[in-house]
Each structure stands twice: as structure tokens, then as C-alpha cells.
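Working notes, beginning with the structure itself.
Just so you know, all these numbers are worked out from the coordinates, no wet-lab data involved. Predicted model, so just to flag it, every value in this text is computed and none were measured. Heads up, the Cβs are rebuilt from the backbone with ideal geometry, glycines too, and the neighbour counts pull from every protein chain shown.
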Amino acid sequence: DAGITQSPRYKITETGRQVTLMCHQTWSHSYMFWYRQDLGHGLRLIYYSAAADITDKGEVPDGYVVSRSKTENFPLTLESATRSQTSVYFCASMDAGGAGANVLTFGAGSRLTVL
Amino acid sequence: GEDVEQSLFLSVREGDSSVINCTYTDSSSTYLYWYKQEPGAGLQLLTYIFSNMDMKQDQRLTVLLNKKDKHLSLRIADTQTGDSAIYFCAERRDFGNEKLTFGTGTRLTIIP
């Protein structure tokens, strides 16, 4: 499927467990992002990546780990999940140039509940 | 997202115009965006405006930018039930910075 896909769409886990949210894009966009959406906070940037093997922290990176070994994939790992990480997580991508530059395209989201 | 402010709720009668407002804080912002989020879905780009423009119109949508006051608005003409959604304002702060900073979102409710 063309576009940006996230998996799983829904996940319930327990405090202390490791969880990985997957993100895959088919456009070969250079930039990829992870945001979390919480009521009253809008979207907050967790981590972003400018290219394969280049990642950097966003506004709320604590408790999260990312990697980008391939351009098309940008997984987000919660090493030891906490209840405060219950949220909806959105992956997004942006091209470095051309028609897709300046436009952030989002996946459908992953709803994570930590019990 | 604390640097970009929006009202949380707006109710509008079907057929009227909706105006959603946003205040941002960074005068060096290069692009400003409006995204729409329908229930259970991701964010969809509606429109964006470059900082050297005052206005942009696209069918029922009109974006106004007041750089002096750091104020951005989205007007939706002839509001329909399908316009019910959360609308996010976002700013991109400077060239070479690909990150977007989002507001809290405004939930638009259409009254029949």
C-alpha cells in the first residue's frame, strides 16, 4: 500500500513492558517524525529523523527510543511503559524537496493504553 | 505545543461561516498550516500559507495571516456537517528546521 502506515493501530500493555510502534512510508521521504496527541496538549513532538541513521530529540523524548536503519521505517520503542505514556501516537513524514516539501503527511495513528 | 494557542471549542450553525483562530509566538515562522482531524483518523493537511502572504483562498477555505499580531485564522464558508472535526494550527519556525509545532486543536461542532 502506498503512503504511510502505522502498526499496531491499537495496543494495550502493562506498566513496565516494552512496546514498539512501527511506522513505514513508501515515498522515500527524508524526514520522519513521531508525535503524541493528548487532550489539552495538542500534538507534541517526541523524536524526528532527517535521514537514515540521523535522529534527534523533540519536545518530549524521555522514555522513548527511536532508530532509523532504513529510510522507509521509523520505529518508536517505549522501553518500560508507564501510564503517562497512554496516548495516541502519530507518525509523519516530509519530503526534503519537490512537491512534498513543506508538507507533513500523517499516518492513521496508534492508540496505546498502558494499564 | 504551548507556543501555539487555539480555543478548544467552536460551535457553528450549518450554513454559517466558521472562523477558527490561532496565535503563534515565533515571528520568524516561515510556513503556517491548518490540519483537520476527523474522529479516529490521522491529521489531514487542509492548507498552508507562506509567511510573506496575507491571505490564501482555496474554495470554501480562506486563510488570513497577520504577522504583526502573530495571528492566523481559518474561515470555512457555508459550513457543512462534514466539517465537524478538530482543526490544528501549526507553525514551521525557520528554513532548515523541518519540525512543525502544533496548537492544542479546536473542536468544531456543527449545529443542524
Links exceeding 31 Å between C-alpha atoms in this model, out of A:Lys70/B:Lys67; A:Lys11/B:Lys36; A:Lys11/B:Lys67; A:Lys70/B:Lys56; A:Lys11/A:Lys70; A:Lys57/B:Lys56, come to A:Lys70/B:Lys67; A:Lys11/B:Lys67; A:Lys70/B:Lys56; A:Lys57/B:Lys56
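Using a cut-off of 15 Å between beta-carbons, work out the net charge of the residues near B:Val12 (Lys and Arg +1, Asp and Glu -1, B:Val12 not included).
The answer is +1.
Could you work out the relative contact order of chain B, using alpha carbon pairs under 8 angstrom and six or more residues apart, expressed as a whole percent?
40
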With x for Gly and Pro, the residue-by-residue ³J(HN,Hα) of region A:16-24, computed from phi through the Karplus equation 6.51 cos²θ - 1.76 cosθ + 1.60 at θ = phi - 60° and given in whole Hz, is x, 7, 8, 9, 10, 9, 9, 9, 9
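How large is the Kirkwood hydrodynamic radius of region B:10-91, in angstrom, based on all distinct alpha carbon pairs?
13.1
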Using alpha carbon positions and the Kirkwood radius, the Rg to Rh ratio of region A:12-115 is 0.97
So, relative contact order of region A:1-110 in percent, Cα under 8 Å, 6 or more apart, is 33
Expressed in angstrom and rounded, the centroid-to-centroid distance over alpha carbons for region A:72-108 and region B:20-75 is 21
Phi-derived 3J(HN,Hα) across region A:105-115 with the Karplus relation (6.51, -1.76, 1.60, θ = phi - 60°), rounded Hz, x for Gly and Pro, is 10, 9, x, 7, x, 10, 8, 10, 10, 10, 8
Placing one equal point scatterer on each C-alpha of the protein assembly as shown and summing with Debye, one gets log10 I(q)/I(0) at q = 0.07, 0.10, 0.16 Å⁻¹ equal to -0.22, -0.45, -1.12
Once phi for every residue in region B:50-58 is put through the Karplus expression 6.51 cos²θ - 1.76 cosθ + 1.60 (θ = phi - 60°), the whole-Hz ³J(HN,Hα) values, with Gly and Pro written as x, are 7, 5, 8, 9, 9, 8, 9, 10, 8
